[in-house]
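The values are calculated or read from the model by the stated rules, or taken from the named source; none is laboratory data. Bear in mind the structure is a predicted one, so any value in this text is a computation, not a measurement. Neighbour counts run over all protein chains shown; Cβ positions are idealised from the backbone, glycine included.
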Amino acid sequence: MLALVVLTVRNIKLTIAYDGTNYHGFQEQRGTGLPTVQEVLEGCLLALTGRAVRVTGASRTDAGVHARGQVVNFDAAGWSIPVERIPLALNGLLPEDIAVLAAEEVPPHFHARFSARAKVYRYTIYNSRIPSPFWRLYSYFVPRPLDVAAMQEAGSYLVGRHDFASFQAAGAATKQTVRTLFQVEVARENELVHLLFRGDGFLYHMVRIMVGTLIEVGLGKREPREVLDILAARDRRAAGPTAPPHGLCLERVEYDLDSAGPRI
């Protein structure tokens, strides 16, 4: 008589950091041969456990985009590895441009993407006449002086619940384009200009288009209040260019683990 073994779901949440320079984004792209963070992470989980493990990511960061606080979850039913040992075990297998920062067991209903209450992205600009070889992979070089005060004013008009259709890449499949931005900050740190965006969700290329638009404001090509007209237009052509990916970093994903379940 065959014994029936029932494995209880063991939902594990990982916080990971990565340098996105050598990856074609986070999400797997099967059949393309292009390296992604998800495929590398799943490959290390397979090597560690001897079984295929499918991870779910909070954000589908694009090619060249970095992360300090990406979150994934997966089912570790039947694992013998204690949760506190998972970061050490995985970091022994992962390449040096990906690291697991923390691991914790979470309720079965937790979903890295749908349970998120907010995401925080930071875009970094290197604003100097002379480029920096040390910041070339992690910032966008803008040699002309930027008016940070004007950029901050323009950014303040983005805060709130709006239809961000003008800030979504052309051809994107998302139909619901209303999102809430809780915070937009622009600050200078010597040659670096940091733009921070905290919101309940972001459209395809939304942060990078907002950055491209705010750069135009900083260069005097647009007035800060033009952002209101761009929002009202609901037309991608009304906004500025899409800033390159390498200046963008996913800083963190925020959750309320005591909530009843995913927010759709």
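So the values come out like this:
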| read-out | value |
| --- | --- |
| Where C44 falls short, out of the listed (1) of a type outside the set (K, R); (2) surrounded by 17 or more Cβ atoms within 10 Å (Cβ to Cβ); (3) under 19 Å from the mean Cα position of the chain (by Cα) | (3) |
| Residues that are modelled with pLDDT of 95 or more, touching a strand residue (DSSP E or B) at 6+ places or on another chain (Cβ under 7 Å) and not hydrophobic (A, V, I, L, M, F, W, C), drawn from segment 17-55 | Y18, D19, G20, Q38 |
| Index of the failed condition, G64 passing every other in (1) crowded, with 18+ Cβ neighbours inside 10 Å; (2) modelled with pLDDT under 90 | (2) |
| Residue tally, condition surrounded by fewer than 17 Cβ atoms within 10 Å (Cβ to Cβ), in contact (Cβ under 8 Å) with a residue 12 or more places away in the chain and over 27 Å from K221 (Cβ atoms), over segment 108-146 | 4 |
| Set E84, E39, E96: member being among the charged types (D, E, K, R) and either surrounded by 15 or more Cβ atoms within 10 Å (Cβ to Cβ) or in contact (Cβ under 8 Å) with a residue 24 or more places away in the chain (or both) | E39 |
| Single unsatisfied condition, W79 versus (1) of a type in the set (A, V, I, L, M, F, W, C); (2) modelled with pLDDT of 95 or more; (3) farther than 23 Å from N22 by Cβ | (2) |
| Flag for F167 being touching a residue at least 12 places away in the same chain (Cβ under 8 Å), hydrophobic (A, V, I, L, M, F, W, C) and in contact with a Leu (Cβ under 8 Å, 6 or more places away or on another chain) | yes |
| Among (1) touching a residue at least 40 places away in the same chain (Cβ under 8 Å); (2) within 19 Å of A149 (Cα to Cα) - the single one T242 does not satisfy | (2) |
| Scope segment 69-81; condition touching a residue at least 60 places away in the same chain (Cβ under 8 Å) and within 21 Å of the chain's Cα centre (by Cα); matching residues | G69, Q70, V71, N73, F74 |
| Tabulated pairs, segment 49-65, first assigned by TED's automatic domain parsing to the domain that holds G25, second part of a loop (DSSP other than H, G, I, E, B) and among the polar types (S, T, N, Q), C-beta under 6 angstrom, 6+ apart or interchain | R60/Q27 |
| Positions within segment 54-87 being in contact with a helix residue (DSSP H, G or I) (Cβ under 8 Å, 6 or more places away or on another chain), farther than 30 Å from S139 by Cα and part of a strand (DSSP E or B), in sequence order | F74 |
| Positions within segment 210-236 being under 22 Å from Q176 (Cβ atoms) and in contact (Cβ under 8 Å) with a residue 60 or more places away in the chain, in sequence order | V227, L228, I230, L231, A233, R234, D235, R236 |
| Any hit, segment 35-53, residues being within 25 Å of R208 (Cβ to Cβ), assigned to a loop (DSSP other than H, G, I, E, B), of a type in the set (S, T, Y) and touching a helix residue (DSSP H, G or I) at 6+ places or on another chain (Cβ under 8 Å) | no |
| Sole exception among (1) touching a helix residue (DSSP H, G or I) at 6+ places or on another chain (Cβ under 9 Å); (2) modelled with pLDDT under 95 for Y140, by number | (2) |
| Meets criteria (modelled with pLDDT of 95 or more, out of contact with any Ser or Thr (no Cβ under 7 Å at 6 or more places or on another chain) and among the small types (G, A, S)) for A187 | yes |
| Some residue of segment 27-46 being closer than 19 Å to H205 by Cα and either touching a Cys at 6+ places or on another chain (Cβ under 8 Å) or among the charged types (D, E, K, R) (or both) | yes |
